[in-house]
Amino acid sequence: MTYDFTTMTDRIGKDSIAVTDIPVPGAQIQEGFSRLPMWIADMCFVGAPSIVEAMRNRLDTPAFGYFDPSQAYYDAILNWQKTRNGVTLNQEDIGYENGVLGGLLSALRAICPQGGKVLVHSPTYIGFTFSLKRNGFDIVHTPLTQDENGIWRMDFEDMDKKLKENHIHAAIFCSPHNPTGRVWERWELEQALEVYRRNDCYVICDEIWSDLLLNGAKHIPMHSVSEDAAHRVISLYAPSKTFNLAGLIGSYHVIRDPWLRDQVNAQAALSGYNSMNVLSMHALIGAYSDAGALWVDELDQVLSDNANYAYDFINAHFEGVKLSKPQGTYMLFLDCEGWVKAHNKTLDELERAGVAVGVVWQDGRMFHGPYAIRMNLALPTKYVKEAFDRLDKYVFNA
């Protein structure tokens, strides 16, 4: 490989909650075990050199006053979307957002009244749950269920029923889906969009994971599926998940309908601080470059190898634990119901046992998985293998 995906970046004392916090209450790492950060969606790889180079070039001019987004910024996004996702956009379709969740809230305020109901699939990304509740929106869940092959599927009939019964005209869609790792096929997007169309429902589509695709999976931007989708869908993107840039702040929306775009932009402007950071802009330009594209291609191969290893290992060694093989993202969503019941344990006890041997993972109940644990696989492969060896020896088969 051209880039280094074997070194675990040392981030102790370098502003990283991934390597300092433990999200499991009462859990502690026992003496003799190193920490393996496998909880928050934050990668432990050495970052893409093209990003650092772009930021250093900008730092050569030590002036950071007022500025407007450059043409290079827009060109980078337009080229990235065309080459990675096969869509041709106009520059006016693109708008800056401080974050995907901020963009989601601006969009909701544009299409849904305060206190209004919003359709969301379950399992659900906790950022959706917290953001909607904090801002007074009423969440209505429609379940994702696993088919006979363990693949997560939408229940189109339930979606239609919930939209009609609750008079809902705003929905949140996640593609690829967090936390299940599902990458939706075209026919699934088409059927979902037909349900939304019949119910006059606008869709806010979080596509922040769209570059992280496993084993050759293909992402289809929801707004590109049909002409109706181009007028119904607000898509949200960012380089932050792909390149681990969450600490720099900076996302963007793609809204192809002029009226809808105007409504969302008006809401985004109300706070007065939905503004770009100059170094964040140059980071995106460096990320969305030819060198950045190669880095992502190699990253996806490493993540695919990690996901394949973890999936096979769990099925072979952890009886009572179920999971669907992820097609995108770098997260696993483990259903541990069979194991905890067979061993007369609670999920809390299982989570603390994992942390005790240095595997810092995340409670999945907040994602609406009653016996779920979410695991981050964005570590060098040898550490992923070390994590599962520890879980095998000291936790699941102790």
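FYI, it's all coordinate maths here, none of it is from the lab. Computed from a prediction, not measured in an experiment: that's the story for all the values here. Quick reminder, even Gly has a Cβ in these numbers, built from the backbone with ideal geometry, and neighbours come from all protein chains shown.
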Amide proton proximity set for E97, modelled H, under 5 Å, gap of 5+: S251, Y252, H253
The range 53-212 shape via C-alpha gyration tensor axes, a/c threshold 1.5: prolate
Neighbour count of at most 16 Cβ within 10 Å plus DSSP loop: longest GluC sites (Glu not before Pro)-free window in the chain: 186-318
Ordering of 126-134, 248-256, 268-276 by packing [mean C-beta count within 10 Å, highest first]: 248-256, 126-134, 268-276
Residue-wise HN-Hα coupling along the range 207-222, computed from phi with Karplus coefficients 6.51, -1.76, 1.60 (Hz; x: Gly, Pro): 10, 5, 8, 5, 8, 9, 10, 10, 6, x, 4, 10, 8, 10, x, 5
Check: the chain dipole with +1 on Lys, Arg Cβ and -1 on Asp, Glu Cβ, in debye: 600
The range 65-81 - phi-based ³J(HN,Hα) in whole Hz, Karplus 6.51/-1.76/1.60, Gly and Pro as x: x, 4, 7, 10, x, 7, 5, 4, 5, 5, 4, 4, 5, 4, 5, 4, 5
In Hz, Karplus ³J(HN,Hα) per residue of the range 189-198 (6.51, -1.76, 1.60; θ = phi - 60°; x = Gly, Pro): 4, 4, 5, 4, 5, 5, 4, 5, 4, 4
Residues whose placed amide H lies under 5 Å from that of I151, excluding near-sequence neighbours: none
Cross-link pairs beyond the 24 Å C-alpha cut-off, checked among K241/K382; K133/K164; K117/K341; K14/K241; K82/K382; K162/K322: K117/K341; K82/K382; K162/K322
Of N149, N215, N98, the one that fluctuates the most in a GNM where the chain has Cα springs shorter than 10 Å: N149
Positive-end extreme of charge dipole, the chain - chosen from L303, P370, T381 (charges on Cβ): P370
Distance (nanometres) between label positions extended 7 Å along Cα→Cβ at E165 and S122: 1.2
Shape call, the range 122-254: gyration tensor on alpha carbons, a/c limit 1.5: rounded
Normalised contact order of the range 132-284, rounded percent, pairs of Cα under 8 Å and 6 or more residues apart: 15
Label of the coordinate-derived value, Cα extents along the principal axes in Å, listed as (1) 101, 56, 41; (2) 76, 68, 46; (3) 59, 59, 36: (3)
Choice from P62, P143, P221 with maximal GNM fluctuation in the chain (Cα, 10 Å cutoff): P62
